[in-house]
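First up is the structure itself, then whatever we jot down about it.
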Amino acid sequence: MKNIIFTCMIAAFAMQFAQATTICDAKTSLNDARINLVGMVGISDKAAEEGIKAELDTLREKVNVATTSLETAIETLKSENTEAVATENVATLDKTWGEFKATRESEIMPNVYSGKKDEAKAIATGVQAERMKAMNGAIAGLGGDSCEEAAK
């Protein structure tokens, strides 16, 4: 009987740890995507220079890697969370990420690659900043604020 209880406790802990890891993965990936996108916007006025285009492409690849990681984490969170509050936070994260990504691809990236830094920056500091706030709020609602403590 003690072995069964112990096994159940370990299984419950493992599930909580896996979910916490997924939440932290989502938070880290979202921040990685943002940091590299901000880097792209910061150098976009020099996009015509060949060396800068290579730098943009490198940052773009980092954005793509972070995007894939975030989307994987979101899918995992969808399947792991069944409580109403958690489901709502995951839905907010997923919906807002979709909007963020669509704007990034259709507006920010074209402006970055054509050297229109001011236009890209206006979008990034406007609607995209509000979306980042919403996504970070959703992650915090899932327990994402504990990610910094775990990293220490």
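Quick notes on this one:
- Residue check for residue 79: among the polar types (S, T, N, Q), touching a residue at least 60 places away in the same chain (Cβ under 8 Å), surrounded by fewer than 17 Cβ atoms within 10 Å (Cβ to Cβ) and part of a helix (DSSP H, G or I): no
- Residues that are within 14 Å of the chain's Cα centre (by Cα) and β-branched (Val, Ile, Thr), drawn from the range 83-101: 90, 92, 96
- Residue count for the range 102-116, restricted to those that are more than 18 Å from the chain's Cα centre (by Cα) and within 17 Å of residue 57 (Cβ to Cβ): 6
- Here residue 134 meets the list (1) in contact (Cβ under 8 Å) with a residue 60 or more places away in the chain; (2) of a type outside the set (Val, Ile, Thr); (3) outside any loop (DSSP other than H, G, I, E, B) almost entirely, failing just condition (1).
- When the test is whether a residue is assigned to a helix (DSSP H, G or I) and buried (at least 19 other Cβ atoms within 10 Å of the Cβ), residue 89 passes it.
- Out of 98, 115, sole residue that is not hydroxyl-bearing (Ser, Thr, Tyr) and not in a helix (DSSP H, G or I): 115
- Taking the range 95-112 as the range and being buried (at least 17 other Cβ atoms within 10 Å of the Cβ) and either of a type in the set (Ser, Thr, Tyr) or within 19 Å of residue 79 (Cβ to Cβ) (or both) as the test, the residues that pass are 96, 97, 103.
- Within the option set 46, 62, 53, being of a type in the set (Lys, Arg), modelled with pLDDT of 95 or more, surrounded by 11 or more Cβ atoms within 10 Å (Cβ to Cβ) and under 27 Å from residue 126 (Cα atoms) holds for one residue only, 62.
The values are calculated or read from the model by the stated rules, or taken from the named source; none is laboratory data. Small disclaimer: the values here were computed from a predicted structure and weren't measured. Virtual Cβ from ideal backbone geometry, glycine too; neighbours counted across all protein chains shown.
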